[in-house]
Amino acid sequence: MQKHPRNTDFAWTDHTGPLRFLSEEQARDYDRDGYLLLEDAFTRETVARLVEELDPLEAEFEGFLREKLGGKAFIARADEITFSVHPVLRSPRAEAFTRHSVFQGLVHDLIGPDVRLYWDQAVYKKPGTSDRFPWHQDNGYTYIEPQQYLTCWVALTDTDEENGCPVIAPGLHREGTYEHRLTDLGFEVFSAPPSEPVTVPLRAGSVAVFSSLTPHMTGPNLSTDRLRKAYIVQFAPDGAITVGHGMGADSPALCDAEGRQYPVLVGGAGPA
Ligand SMILES: O=C(O)CCC(=O)C(=O)O
């Protein structure tokens with residue numbers, strides 16, 4: 001495995017606190033493995049209300065994909081896997097969700113006192129999807145500095161090995177961003193991980209929290225009727241900069257896009 005050419009002097013920063021949401025053990029596990037699990041972090045009711053607003057956005061996106069883009073656009077494929085980006089721009093419930101006290105506590109402990117929403121997308125994997133979503137680090141898609149930011153993969157439906165839950169390769173995050181290659185299914189860091197992979201089944205409302213540097217993939221959805229829904233929310237320190245895209249563009253930009261990369265923590269507190 002080759003390091004990304006921009007990744008020349010990366011050093012992982014351990015999370016020594018003060019912690020206000022995670023236990024010392026959870027923070028230690030996150031530093032060692034690159035992920036942690038928050039079981040039942042959100043109630044079924046919170047999830048159901050969020051899904052009520054995400055479903056129509058996803059249906060609209062999939063319709064557009066099918067009718068105007070021939071059924072495939074980059075990593076999205078109609079009837080298989082869809083990426084509905086930035087629900088926060090159109091869904092008040094999604095926006096409120098990203099400001100939830102669970103995320104405020106998490107980002108305080110794992111990022112710092114000044115944090116913005118970096119990215120949000122609903123990812124639906126349809127029954128009968130035989131391809132997995134390839135092994136990658138999130139920072140292998142759009143390279144941002146600092147490299148170490150946070151992904152929260154929120155299960156909106158129960159998910160397990162049958163319908164495409166996340167699988168994580170622990171311990172590799174500490175070296176920073178690796179080189180990825182573009183495949184037909186998305187960017188790929190490796191086809192088989194060098195560390196023992198961990199399958200992470202989740203109940204709806206549970207969250208897999210991992211680093212932007214933690215290699216992960218999701219498996220196929222081999223079920224006949226179990227649509228798998230996730231809402232992925234990512235947080236980065238205030239002042240983070242996009243320095244390059246896997247797709248080749250290379251224009252440094254502050255991650256403060258109007259309406260969607262808003263502060264979720266300012267000086268350690270929710271913004272006024
Ligand atoms: O949710 C999925 O199936 C894959 C999405 C993913 O890993 C990502 O967006 O980084």
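Here are a few things to note about the model shown:
- Debye equation applied to the C-alpha atoms of segment 1-130, log10 I(q)/I(0) at 0.09, 0.17, 0.18 Å⁻¹: -0.39, -1.08, -1.12
- Span from the segment 95-120 Cα centroid across to the segment 139-163 one, whole angstrom: 14 Å
- If you sort Lys3, Lys68 by accessible surface, 1.4 Å probe, largest first, the order is Lys68, Lys3.
- Residue-count net charge about Glu95 - beta-carbon cut-off 14 Å; Lys, Arg +1, Asp, Glu -1: +3
- Within the accessible area of the chain (1.4 Å probe), percent carbon and sulfur: 50 percent
- Mean Kyte hydropathy of -1.0 or more with a Cα span along the axis of at least 15 Å, helices from DSSP in the chain: 44-68
- Here's the list of aspartates and glutamates a cross-link from Lys126 could span, going by alpha-carbon distance under 15 Å and ignoring same-chain residues fewer than 8 apart: Asp55, Glu58, Glu62, Asp79, Glu80, Asp158, Asp160, Glu161, Glu162, Asp225.
- Solvent-accessible surface ranking, highest first, for Asp131, Asp79 at 1.4 angstrom: Asp79, Asp131
- Packing-based order for 107-119, 176-188, using average beta carbon neighbours within 10 Å, highest first: 107-119, 176-188
- Span from the segment 179-197 Cα centroid across to the segment 1-77 one, whole angstrom: 17 Å
- Per residue accessible area in Å² of the chain, where ligands, DNA and RNA are left out and the probe is 1.4 Å: 44 Å²
- Computed magnitude of the charge dipole of the chain (debye, nearest 20; Cβ of K, R +1, Cβ of D, E -1): 340 debye
- Over the chain: helical MRE at 222 nm, DSSP H runs n ≥ 4 each giving -39500 (n - 2.57), nearest 500: -6000 deg cm²/dmol
- Debye log10 I(q)/I(0) at q = 0.16 Å⁻¹ for the chain, Cα point scatterers: -1.37
- Neighbours of Lys229 by Cβ distance under 11 Å: Lys/Arg scored +1, Asp/Glu scored -1, total +1.
- Kirkwood-based Rg to Rh ratio, segment 85-172, C-alpha trace: 0.96
The values are calculated or read from the model by the stated rules, or taken from the named source; none is laboratory data. Everything numeric in this text was worked out from a predicted model, so none of it was measured. With ideal geometry, Cβ positions are generated from the backbone for all residues, glycine too; neighbour counts draw on all protein chains shown. All accessible areas refer to the heavy atoms of the entire protein, side chains included, with ligands and DNA or RNA removed. Shrake-Rupley method; radii C 1.70, N 1.55, O 1.52, S 1.80 Å.
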